[in-house]
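Asks: Quick one: the structure is below, questions incoming.
The values are calculated or read from the model by the stated rules, or taken from the named source; none is laboratory data. Just so you know, these numbers come straight off a predicted model, no measurement behind them. With ideal geometry, Cβ positions are generated from the backbone for all residues, glycine too; neighbour counts draw on all protein chains shown. Side chains included, ligands, DNA and RNA excluded: accessible areas come from the protein's heavy atoms. Shrake-Rupley method; radii C 1.70, N 1.55, O 1.52, S 1.80 Å.
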Amino acid sequence: MTEPSAPQVHGVRRRVARFFARHPRAALGAQLSAPGGWLLIIYIGSLAALILTSLFRLVDDPTGLVTKLDTSIGFGNFDRVISQPVYRAVALRTLGAAATVTVIDAVIALPLAFYMGKVASQRARRMLVVAVTLPLWAGYLVKGYAWRALLDPGGGAFQEVFGHSLGFGYASSIVVLAYLWFPFMVIPLYAGFDRLPDSLLEASTDLGAKAGRTFVSVVVPQIVPSLVAGSIFTFSLTLGDFYMNRIVGGTTEFIGNIVYRQFSVDLPFAAAYAVIPIVIMVGLLLAVRRTGALDEL
Amino acid sequence: MTTPAVAARTVTKRFGTITAVDGVSVEIAGGEFFSLLGPSGSGKTTMLRMIAGFELPTSGRIELDGEDVTRQPPFDRDVNTVFQDYALFPHMNVRKNVEYGLRVKGVAKSERRERAEAALHTVRLEAFGERKPDQLSGGQRQRVALARALVNEPKVLLLDEPLGALDRKLREEMQLELARIQRDVGITFIFVTHDQGEALTLSSRVAVFNAGRIEQVGTPREIYEAPATEFVASFVGTTSVIGEEAAAALLGESTARVLRPERVRMATAATAPEGCVQAPGTVADVQYHGDGTRVRVEIDAGASLVAELPNRHEGESVPALGDRVTVEFDRSDLMTLERSTSHDQPIGEKP
Amino acid sequence: MKRIVKLIAVFATLVVVLIACGSSSSSSPKSSGTSSGSGSGKLSILAWPGYAENGSTSKDTDWVTPFEKQSGCNTTVKTFGTSDEAFQLFNTGQYDVVSASGDSSLRSVANGDAAVIDTAKVTTYADLADFLKAKAWNSVDGKIYGVPHGWGANLLMYNETAVTPAPTSWGAVFEANSPYKGKVTAYDSPIYIADAALYLSKTKADLGITNPYSLDEEQFSAAVELLKQQKPNIGEYWSDYLKEQEGFTKGSLVLGTTWQVITNGVKADTASPPVNAIIPSEGSTAWSDSWMVSTKSKNVDCAYKWINWITSPSVQAQVAEYFGEAPANLKACTETSDKDFCTTYHAEDKAFYDQLAFWTTPTAKCLDGRSDVTCKAYKDWTAAWDEIKGS
């Protein structure tokens, strides 16, 4: 007995297989469509939902106790974000933290990455890479609370050992965030230095330049793309962070703290405020696109 | 006696347990085109880097114009280097690259411009000043690197395999160019290469490196015609060595001799003409290479002779692998080695 | 092609799994998934930390597991830190019951999230203190929406070594040049504005504040200004009670508003400095919590079983002593290990109860009866809290 359907199915499969074999682009497209669509829904979809929500508003219902969502489009939330000094102040404070964290990380990471990429032996290099990236294996909260224990003005390690502690506040938030995102600055810089040919440095020295001159005229221009790439990480990660404030920030508030609080009270406003860092990052990415740093990411 | 432009005095360089340069002494006179020739790993580049100041010798001294510069950093030495990979600064245009050395030394802008223009003129790249290095061909980059070094008017120019990355035709052009420039500027050139043809073509003198030591220093003719050691003989040309036993059988004397391939031919007469030696043997290898064919014959006397046969007419027979042939050469073409082994007597002294 | 279909199927499964995980993870952190007991009911509890302990905080503190055994309802517990969080989570419909404070209960009722309670099914209802039943925060238009659980005041806690002389007024936390600058704490929620208003109602009579939850423009800005003045003195705000407990234990905090349960925790820690908690001369804001049932609940049976369990005398006694609050069920007073417990907490003292300012949701329609002015609604309180904390 033969099964009439079997060869038929086989035929279809063969035809499909033949089609894809002849049209490799179609095959690729078909394979990418599922993950691609998934990405589209998750990333673009959620972003679109966020922006759309930011254009809605809440209106009080007659009881005055609860509010109803009014889905007519308007820019009232953004108006409030821009016109109210406190929201400007918090946004600027967050930006200031992001910039400071980036500068701190860059200043510390540059010499370290230079040493790792250009001076250290292969063995030391590997060990340093491990040492720098090791904290990434520990959780955010673990590191946060470890720092809390260090910084605690009521008998934390700094207080006990040095007799003085930063305590909990803006400065501590910046220090801990700079610590948290440090690997994200070091690794691109290390890669950049690693790629920088030794001969360029030797050529500069050979032409009469001392170390400082070589660093400014040759190393820095070559490393700028890596520096920008690292900065994008440290800057955006700080811009989006809010929980470290709760752990070591004392009474400090960033954009994220306001968004978190407003989320359960005034969702459209929370969405509008959350758009601010996104706008900042998009602007920043467009600005650095010219430097070629995006190729480093 | 005049002071040498560059002198190395029993210079040794060790990297851990590896000895890269082993007690080398050499003197290079002003205005010379001096080549350091040798296979990779022979220590020639390390030697050059010690002259440039990138490496500190483990022992020994480096002198420039009689002054001990062993411990001087590169930026204090009046030498400039052309790097194997050119090492042009990618973020600067050609003019800025060339001006770099002058700018670092604080030369005024107008003079800087002028001298950079002149240097670019020397290497025939006047029109390329505003280009970035990645917009240039390999040969052009090579010439920018040259201009960047020359503009500083150093006493000595060091060139580290500068033509290695170029294709053959361009390399030959650049060889002529280098020779011309060296004549024009009159600066001492120290040229590192592993290409014996290049070294012989360009140099006023050649030092042949092997395993961290200099095997022989001499003019190209001396090196080629009178190789001091078996290593020089075989590295500078594909030379056949007739060992002591084979020499006894073939020549009636027990001294090892060497022979250039172009001096070996296929025997045409049945007996050896006056002053010639004939040797029967079996063809072991045949290599065709355009303007000639290289045939290796295992002669019955117990040596391997290479014959370079010019390709003349079509139809002229070329021996095939495994053929029985008789090769012939003039007794006067046999060369005697100064030393059979490399390092049994002081070497590297100026002849 | 088959592979692609498979791929899509895998992704679809992943979506389902993720969604499922998402919903369960939000209720699982403090869940006790024991499946013992008869029946196959399920119950999802949303509660203040300390109200529905299942042994995950401390092994000996567990009245959820016995409930599961007795009722056969598989129970999960999710805790919240603020009333805003409670309101928002209860609104999702994923929870069957919630322990709601006055500043979220009416919002849940108005939003249609809370169901009318059938008091006939609440076997303990008759035993609960009368002055807690059918109040403004647990009933609307005569319909009962909440079953009283317990109540207590927001106290002023201070480190007895560090703070001298001992404070007697809320002024200690509000005054501008506090000697305890950087070591003062306050509750991290918009409702804390009422604490400032309460203080002003006693210290600035010309503002005419009679109800700290019913503030017109002028009264409101006075309270907000006071809190802005307070902010530089604050070391940390707290909403997670363990955070405040840690602060007082280690000494980084020495003065601020607290709950009795936190004070109990600090006192229980032998390494802690001595602390005391008082109701200052101005009185206190306070909470009075009620259990509410979700309109979307599919486990109403288990929900009532839970309410009956948690308001039963012995469990009430346990919760009240653990948390440090007055129990709603007065029969619990005979079951407490500390026989004076109910006296200490004024559990039966209606007069004491009436002088406290219980959390309630501020609305635009003034709660104190004024009709000539609009009052600040809770949304404005949140915005003001942004302004205080963000400044």
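Asks: Under a plain spin-label model, where a point goes 7 Å from the Cα along Cα-to-Cβ, how far apart in nm are B:Ala320 and C:Thr344?
Replies: 11.5 nm
Asks: In Å², and per residue, what accessible area does the range A:61-129 have when probed at 1.4 Å with the other protein chains present?
Replies: Details: 3680 Å² over 69 residues.
Value returned for the range A:61-129: 53 Å² of accessible area per residue.
Asks: Okay, moving on. With respect to the cross-link table entries C:Lys78/C:Lys121; C:Lys250/C:Lys389; C:Lys339/C:Lys365; A:Lys118/B:Lys155; C:Lys143/C:Lys365, which display a Cα-Cα separation exceeding 32 Å? Write down the numbers at each step before the final one.
Replies: Values: C:Lys78/C:Lys121 25 Å; C:Lys250/C:Lys389 24 Å; C:Lys339/C:Lys365 44 Å; A:Lys118/B:Lys155 30 Å; C:Lys143/C:Lys365 21 Å.
In this structure, C:Lys339/C:Lys365 lie more than 32 Å apart at Cα.
Asks: I'd like the mean, over residues of B:69-82, of how many other protein chain beta carbons sit within 10 Å of each residue's own Cβ.
Replies: 3
Asks: Which shape class, rounded, prolate or oblate, goes with the range A:77-296 when its Cα gyration tensor gives a ≥ b ≥ c as root eigenvalues, a/c under 1.5 marks rounded, and past that a/b bigger than b/c marks prolate?
Replies: Details: a/c = 2.52, a/b = 1.48, b/c = 1.70.
Cα axes put the range A:77-296 in the oblate bin.
Asks: Also, I was wondering about something else. Which helices, counted as full DSSP H runs in chain C, have an axial Cα extent of no less than 24 Å and a Kyte-Doolittle average of 1.0 or above?
Replies: Values: long enough: C:2-25 (33 Å, 1.70).
The qualifying helices are C:2-25.
Asks: Right, next: Using the heavy atoms of the protein chains and a 1.4 angstrom probe, tell me the accessible area per residue for the range A:6-54 in square angstrom. Show your work: numbers first, answer last.
Replies: Values: 3810 Å² over 49 residues.
Value returned for the range A:6-54: 78 Å² of accessible area per residue.
Asks: Given charges of +1 on the Cβ of Lys and Arg and -1 on the Cβ of Asp and Glu, with all other atoms neutral, how large is the dipole of the range B:189-228 about its Cα centre, in debye to the nearest 20?
Replies: Numbers: 3 positive and 5 negative charges, 25 e Å.
About 120 debye.
Asks: Out of the DSSP beta bridges found with both residues in the protein assembly as shown, what percent are antiparallel (nearest 5)? Let's see the in-between values first.
Replies: Numbers: 79 of 114 bridges.
Looking only at bridges with both residues in the protein assembly as shown, the antiparallel portion is about 70 percent.
Asks: Okay, next question. Hey, can you list the residues from the range C:359-378 whose accessible area shrinks by 40 Å² or more with all protein chains present, relative to the chain by itself (probe 1.4 Å, no ligands or nucleic acids)?
Replies: Listed by number, the residues meeting the 40 Å² cut-off are C:Thr363.
Asks: With an 8 Å Cα cut-off and a minimum separation of 6 or more residues, compute the relative contact order for chain A in percent. Don't skip to the end; give the middle numbers.
Replies: Values: 309 pairs, mean separation 68.4, N = 297.
The normalised contact order for chain A reaches 23 percent.
Asks: Output the residues of the range A:83-99 meeting this criterion: accessible area (heavy atoms, 1.4 Å probe) in the chain alone minus accessible area with all protein chains in place is 40 Å² or greater.
Replies: A:Val86
Asks: Same structure again: Quick check for you: with a 1.4 Å probe and neighbouring chains kept, what is the accessible area per residue of chain C, in Å²?
Replies: Details: 15300 Å² over 391 residues.
That works out to 39 Å² per residue.
Asks: Here is a further query. How many lysine pairs does the range B:1-149 hold where the Cα atoms are under 21 Å apart and the two sit 8 or more places apart or on different chains?
Replies: Working: B:Lys13/B:Lys44; B:Lys96/B:Lys105; B:Lys96/B:Lys109; B:Lys96/B:Lys132; B:Lys109/B:Lys132.
Lysine pairs, 8 or more places apart or on different chains, close enough: 5.
Asks: Per the helix-only calculation at 222 nm, which mean residue ellipticity applies to the protein assembly as shown, given -39500 (n - 2.57) for every DSSP H run of n ≥ 4 and division by its residues, nearest 500 deg cm²/dmol?
Replies: On the way: 38 runs with 443 residues, N = 1039.
Taking each H run of at least 4 residues, the total per residue is -13000 deg cm²/dmol.
Asks: Could you rank the peptides B:76-83, B:263-270, A:273-280, A:114-121 by their average count of other C-beta atoms within 10 Å per residue, with the highest value first?
Replies: Values: B:76-83: 22.8, B:263-270: 13.9, A:273-280: 19.5, A:114-121: 16.1.
Going from most to least packed, we get B:76-83, A:273-280, A:114-121, B:263-270.
Asks: Could you run the numbers on buried accessible area between A and C, total for both chains, 1.4 angstrom probe, in Å² to the nearest 100? If you can, show how the numbers build up before the last one.
Replies: Details: alone 17910 and 16920 Å², together 31530 Å².
The contact between C and A buries close to 3300 Å².
Asks: Could you tell me how many degrees, from 0 to 90 and to the nearest 10, lie between the Cα long axis of helix B:109-122 and the main elongation axis, the longest principal axis, of the Cα atoms of chain B?
Replies: Compared with the principal axis, the helix lies near 20 degrees.
Asks: Nearest 5 is fine: what % of DSSP beta bridges in chain B come out antiparallel, could you say? Mind dumping the intermediate values first?
Replies: Numbers: 48 of 66 bridges.
In chain B, DSSP labels about 75 percent of beta bridges as antiparallel.
Asks: Still on this structure, please answer the following. Give, ordered by residue number, each residue of the range A:155-185 whose 1.4 Å probe accessible area is reduced by a minimum of 10 Å² on adding the remaining protein chains to the chain alone.
Replies: Correct list: A:Phe168.
Asks: First compute the accessible area of the protein assembly as shown with a 1.4 Å probe, then give the percent of it belonging to carbon and sulfur atoms.
Replies: Whole-percent figure for carbon plus sulfur exposure: 56.
Asks: Can you compute the FRET efficiency between B:Ser234 and A:His164 using 1/(1 + (r/R0)^6), with r the Cβ-Cβ distance and R0 = 56 Å? Round to the nearest 0.05. Mind showing how you got there, number by number?
Replies: Values: r = 75 Å, r/R0 = 1.33.
About 0.15, to the nearest 0.05.
Asks: How about C:Lys267: which aspartates and glutamates have a C-alpha closer than 19 Å to its C-alpha, ignoring those fewer than 8 places off in the same chain?
Replies: C:Asp60, C:Glu160, C:Asp240, C:Glu244, C:Glu246, C:Glu321, C:Glu325, C:Asp338, C:Asp340
Asks: Still on this structure, please answer the following. By Kyte-Doolittle mean hydropathy of at least 0.0 and Cα axial length of at least 20 Å, which whole DSSP H helices of chain A are selected? Please list the in-between numbers first.
Replies: Working: long enough: A:5-22 (26 Å, -0.47); A:24-39 (22 Å, 0.28); A:85-114 (42 Å, 1.43); A:170-195 (37 Å, 1.18); A:220-239 (27 Å, 1.48); A:267-289 (33 Å, 2.17).
Helices passing the filter in chain A: A:24-39, A:85-114, A:170-195, A:220-239, A:267-289.
Asks: Rounded, prolate or oblate: which fits the range C:152-217 when a ≥ b ≥ c are the square roots of the eigenvalues of the alpha-carbon gyration tensor, with rounded for a/c under 1.5 and prolate only if a/b beats b/c?
Replies: Prolate shape, in that a/c is at least 1.5 and a/b is the bigger ratio.
Asks: Interface size between chain A and chain B, please: total buried accessible area, 1.4 Å probe, rounded to the nearest 100 Å².
Replies: On the way: alone 17910 and 16890 Å², together 33050 Å².
The A and B chains share an interface burying roughly 1700 Å².
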